[in-house]
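**Student:** Below: one structure in structure tokens.
None of the figures in this text is laboratory data; all of them are computed from the coordinates on show. None of these values were measured; they are calculated from a predicted model. Glycine gets a Cβ as well: all are built from the backbone with ideal geometry, and neighbour counts include every protein chain shown.
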Amino acid sequence: MSMTTTAATIFGAVRIQSLEPTSPELAMVRHPVAAHIYAVEGNQVAGMVAVSPAYDDEEQGDMFLGKETVRALIPTRFSVFFGQSASTRPLPGGMPVRHSPILTVGGAEVLSPCLTLARGGDTTDFRVTVRTGDWTSRPAPALVTASTHEVIRAVLAVHEADTARVSAADRAYAQYRTPARRTSAQSDLRAARRLRDQLQARISRLETYLNATEFEHSRPRP
């Protein structure tokens, strides 16, 4: 059953409707696994926003040992999807194209590709662009950016308030992603073991050289 919540923003009230997966509005909307989609409507705001779980993986390492992905065990962030950078024109033959959730603010279609945000954190520090054509965009005006930030903040507040929905999405997302993440981790482990063997061989060669030359080095010079 779809639920509608009215949220207050500095630009006026925004109606946020939780859409069921079988909703007709979603027939041609592409979205990631375990995502929940919200229809939003307000002062010069209309469209959809998708929210799905995301892992907070970290990149570590240095130029000598290489990069390492430190994988999180559970999702602790949200991926937020809105805007379509690719073409939405029908395919040859008139077949419609599935597209990402589209959100318009101030009459402009806004985008923020690859957006992930902390849960319960600040949502006003991400870049917003305006779609100008297929695969092209430009920075959004300040007012459009601020309004977009407010809309996303409101959507995430509604989404996070339903803790059962968030937990269910986390489980579904982890179940889907874990096999591929394990395969990637196993590949990294093999690479790390090869590096360990190479380092151990280097250590052995250095120790052998130092041991072999220790007597000559310690013997007093005439």
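**Student:** Which percent of the Cα-Cα distances in segment 1-59 go past 16 Å?
**Tutor:** 52 percent
**Student:** Just to check I understand the Karplus step: with θ = phi - 60° and J = 6.51 cos²θ - 1.76 cosθ + 1.60, what whole-Hz values come out for segment 2-18, glycine and proline as x?
**Tutor:** Computed from phi, the couplings for segment 2-18 are 6, 10, 10, 10, 9, 10, 8, 10, 5, 9, x, 6, 10, 8, 10, 10, 6 Hz.
**Student:** Still on this model: Which ³J(HN,Hα) values, rounded to whole Hz and listed in residue order, are derived for segment 154-161 from phi using the Karplus coefficients 6.51, -1.76 and 1.60 in 6.51 cos²θ - 1.76 cosθ + 1.60 with θ = phi - 60°, glycine and proline given as x?
**Tutor:** In residue order, the calculated couplings are 5, 4, 5, 5, 5, 5, 5, 5 Hz.
**Student:** I've got another one for you. In units of 2.2 N^0.38 Å, what is the alpha-carbon radius of gyration of the chain?
**Tutor:** Working: Rg = 25.7 Å, N = 222, 2.2 N^0.38 = 17.1 Å.
Scaled against compact globular proteins, the figure is 1.50.
**Student:** Who wins for biggest fluctuation among 24, 75, 92 in a Gaussian network model of the chain, springs between alpha carbons below 10 Å?
**Tutor:** 92
**Student:** Amide H to amide H under 5 Å from residue 109: which residues, 5+ apart in sequence or cross-chain, H placed 1.01 Å off N in plane?
**Tutor:** For residue 109, the qualifying residues are 131.
**Student:** On a 0 to 90 degree scale, rounded to 10, what angle separates helix 163-212 from the longest Cα axis of the chain?
**Tutor:** 20 degrees
**Student:** Among 36, 156, 204, whose Cα lies farthest out toward the positive end of the dipole of the chain, if unit charges sit on the beta carbon of Lys, Arg (+1) and Asp, Glu (-1)?
**Tutor:** Looking along the dipole axis, the top candidate is 204.
**Student:** Can you list, bin by bin at 5 Å, the percent of alpha carbon pairs in segment 103-163, starting at 0?
**Tutor:** Calculated P(r), rounded to whole percents: 4, 18, 29, 23, 15, 8, 3, 1.
**Student:** Please return the longest stretch of the chain lacking exposed loop sites, where chymotrypsin sites (Phe, Trp or Tyr not before Pro) count only if DSSP places them in a loop and at most 13 other Cβ atoms lie within 10 Å. Can you show the working numbers first?
**Tutor:** Values: sites that count: 64, 135.
Maximal segment without exposed cleavage sites: 136-222.
**Student:** Here's a follow-up. Go through segment 103-116 residue by residue and turn each phi into a ³J(HN,Hα) via Karplus (6.51, -1.76, 1.60, θ = phi - 60°); whole Hz please, and just put x for glycine and proline.
**Tutor:** Calculated HN-Hα couplings, in order: 10, 10, 10, x, x, 10, 7, 9, 9, 8, x, 6, 8, 10 Hz.
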